[in-house]
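Notes for the one structure printed next.
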Amino acid sequence: MQKPPVALFSGGPVVRLVDLALSVQGSGGKLSLDDEIRRYVRVVGKNWTADWNCPVRVAAALLELAGDFVAGPDGLAACPPEFRDKAARAADGMDPAEYLRMLAELVRIIDREPAPEYEELALAGWEFLQTFPHLFGFDAVLMDEGAAFGPGRAVLAAVTSEHPYCRDLAAAYTTEAQRALVLFPGERCLADRLSWATRTGLREMIDTLDDHMQREHS
C-alpha cells in the first residue's frame, strides 16, 4: 500500500473542508454544512488565482483521494496525528473513509449550484478573512496609529514605510477596498466588520493611495 502524501493531510483543501465540517459540529446547530461549503465554493470561485490553482472540483477529488488512503490497511493510523484527530471527530462515529467520500460528493453537488449572493448567504467571519485579508490587517495598523489618524493618513504611513517598494501593498489595499465597494455598495459597506470601512473610509483609502502612486511613482 502506497503511503499517503503528508501534504495532502497537513494543509490545503482537504484540511480546510474538514475544518469547516468541524466548525459546523461545534456550532450547536447554528451552522449548516451545506452553507459552509457554499461559502467555500464562493470564496474559491470569486478568486481567480485560487480557482486557477485549485478549483472546487479538484478539492472534491482530493477529498476522495484522502478517503481512498484512509480506507487502506493502516486507516487513519497512516495519517499525521492532527488530521487523524480531525477526521475521526468530523466522522463522528461514521467510517472516516466513507465520511471523506461523502464530503467530496457534497462538495461536487454544491459546486454545480450558482454561487449565492451575499444577500442570500451572509459573509461568514472566516470568509471575510479570506476575502479581505489586507483590510483586516490594516485594522491593526489603524488601531496602532489611533482612530483619529483616519484611514487616509494611516494607509499613507503604511505604504510610505515600504517606499519605494510599496506597489504590491498599495495594490492589495486598493483592490480589496474597491472590491468591498462593489460587493457591498451601501454606505456602511464593511463597517459591521471593520468600523472604519464605510464607503467614505474606503474611498479615502483609495484616493490617498492613488494620489501617492501618481505623485511618487508615475
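The values are calculated or read from the model by the stated rules, or taken from the named source; none is laboratory data. Note that the structure is predicted; figures quoted are calculated from it, not measured. With ideal geometry, Cβ positions are generated from the backbone for all residues, glycine too; neighbour counts draw on all protein chains shown. Heavy atoms of the whole protein, side chains included, go into the accessibility calculation; ligands, DNA and RNA do not. Shrake-Rupley method; radii C 1.70, N 1.55, O 1.52, S 1.80 Å.
Residue separation times 0.36 nm, minus the C-alpha to C-alpha distance between D51 and D68: what's the value?
On the way: separation 17, 0.36 × 17 = 6.12 nm, distance 2.43 nm.
Contour length minus Cα-Cα distance gives 3.7 nm.
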Task: Using alpha-carbon coordinates, inclination of helix 167-183 to the longest axis of the chain, degrees - done: 80 degrees
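Can you sort R39, R153 by solvent-accessible area, 1.4 Å probe, largest first? Display every interim value, and only then the final one.
On the way: R39 30, R153 145 Å².
I get R153, R39, largest accessible area first.
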Open item on the list: Can you bin every Cα-Cα distance in segment 29-76 into 10 Å intervals starting at zero and give me the percent of pairs per bin, rounded to whole numbers?
Closed with: 24, 36, 30, 9
- [ ] Taking only protein heavy atoms into account and a 1.4 Å probe, give the accessible area per residue of the chain in Å².
- [x] 54 Å²
Task: Which of M143, V14, G67, positive extreme of dipole for the chain (C-beta unit charges) - done: G67
- [ ] Convert each backbone phi in segment 210-218 into a coupling constant with the Karplus relation 6.51 cos²θ - 1.76 cosθ + 1.60 (shift: θ = phi - 60°), then list the ³J(HN,Hα) values in order as whole Hz, x for Gly and Pro.
- [x] 4, 4, 4, 5, 5, 6, 9, 10, 8
Task: Whole-Hz ³J(HN,Hα) from phi, Karplus 6.51 cos²θ - 1.76 cosθ + 1.60, for segment 82-95, glycine and proline x - done: 5, 5, 4, 5, 4, 5, 5, 5, 5, 5, 6, x, 7, 4
Open item on the list: I'd like the carbon and sulfur percentage of the solvent accessible area for segment 20-103, probe radius 1.4 Å, heavy atoms only, ligands and nucleic acids excluded.
Closed with: 52 percent
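For segment 106-204, with only Lys/Arg (+1) and Asp/Glu (-1) charged at the beta-carbon, what is the dipole magnitude about the Cα centre, in debye rounded to 20?
Roughly 180 debye, rounded to the nearest 20.
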Task: Phi to ³J(HN,Hα) by Karplus 6.51 cos²θ - 1.76 cosθ + 1.60 over segment 101-114, Hz, x for Gly, Pro - done: 5, 4, 4, 4, 5, 5, 4, 4, 4, 5, 5, 7, 7, x
Task: Lys, Arg +1 and Asp, Glu -1 on Cβ, resulting dipole of the chain about Cα centre, debye, nearest 20 - done: 160 debye
Task: Structure-derived volume of the Cα convex hull per residue in Å³: which label, when the choices are (i) 153; (ii) 122; (iii) 139 - done: (i)
TODO: In nm, give the distance between the simple-model label positions of A122 and A157, each being 7 Å from the Cα along the Cα-to-Cβ direction.
DONE: 3.3 nm
Open item on the list: Among P185, G26, T49, whose Cα projects farthest towards the positive end of the dipole of the chain, with charges put on the beta-carbon of Lys, Arg (+1) and Asp, Glu (-1)?
Closed with: T49
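Using a 10 Å cut-off on Cβ atoms, rank the peptides 42-48, 113-119, 170-176 from the highest mean neighbour count down. Walk me through the numbers on the way to the answer.
Values: 42-48: 16.6, 113-119: 10.9, 170-176: 19.4.
Highest to lowest by the protection proxy: 170-176, 42-48, 113-119.
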